[in-house]
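Note sheet for the following structure.
Please treat every number below as a calculation from the coordinates, not as lab data. Here the structure is a predicted model, which means the values were calculated and not measured. Here the Cβ is made from the backbone with ideal geometry for all residues, glycine too, and neighbour counts use every protein chain on show.
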Amino acid sequence: MVVHFGEFAVDFGSRQLLRGARAVHVGPKAFELLQLLLTKRPQAFSKTQLQNQLWPRTFVSESSLTSVVTELRAALADEARLGRVDEGIAWFESATVSRRHARIFVSDGQATIEDLGSKNGTFLRGKRLTGPVTLTDGDDILLGRVRMTFRVLPPLSTRTAADR
């Protein structure tokens with residue numbers, strides 16, 4: 001079975017993660033995590049549930065899961081963040097916006113938004129998000145009580161007035 005998302009494809013049969021035509025190295029546990037998340041989407045998991053799935057009947061520290069998640073995020077080049085984290089690209093000073101509230105991922109000219117388990121929820125077009133959703137120009141987004149509008153900018157032109 002092959003699952004495509006963004007610029008990636010995961011072949012569960014060959015246990016390969018591909019970015020375009022190029023194979024991306026990912027360790028066995030990180031691949032198991034990716035497979036679990038993709039096959040059970042849009043279901044959310046607690047840390048305990050993930051640990052039990054990845055290391056059944058085995059005690060591991062929470063740092064083991066953190067390491068696997070970090071490895072997978074690096075393999076997926078997942079750097080888009082939204083919330084109140086220092087390294088985020090959007091920071092909202094509001095008690096209703098979680099530190100890691102939501103993320104907007106842009107790939108191949110398409111943007112998707114997903115809630116990252118925030119307490120106050122992420123709403124798109126008036127509906128609470130339960131999984132990733134594609135954004136369109138003018139979409140109304142509500143992070144906790146912070147309202148914003150998603151805008152798609154027109155492509156930049158390299159033409160000058162003299163070229164017209």
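Would you confirm, using the coordinates I've provided, whether Leu54 is more than 15 Å from the chain's Cα centre (by Cα), of a type outside the set (S, T, N, Q) and within 25 Å of Glu114 (Cα to Cα)? Yes: the conditions hold for Leu54. Look at region 61-75: where a residue is in contact (Cβ under 8 Å) with a residue 12 or more places away in the chain and a partner is outside any helix (DSSP H, G or I) and β-branched (Val, Ile, Thr), sitting 6+ places away or on another chain with Cβ atoms under 6 Å, you get Ala75/Val24; Ala75/Val26.
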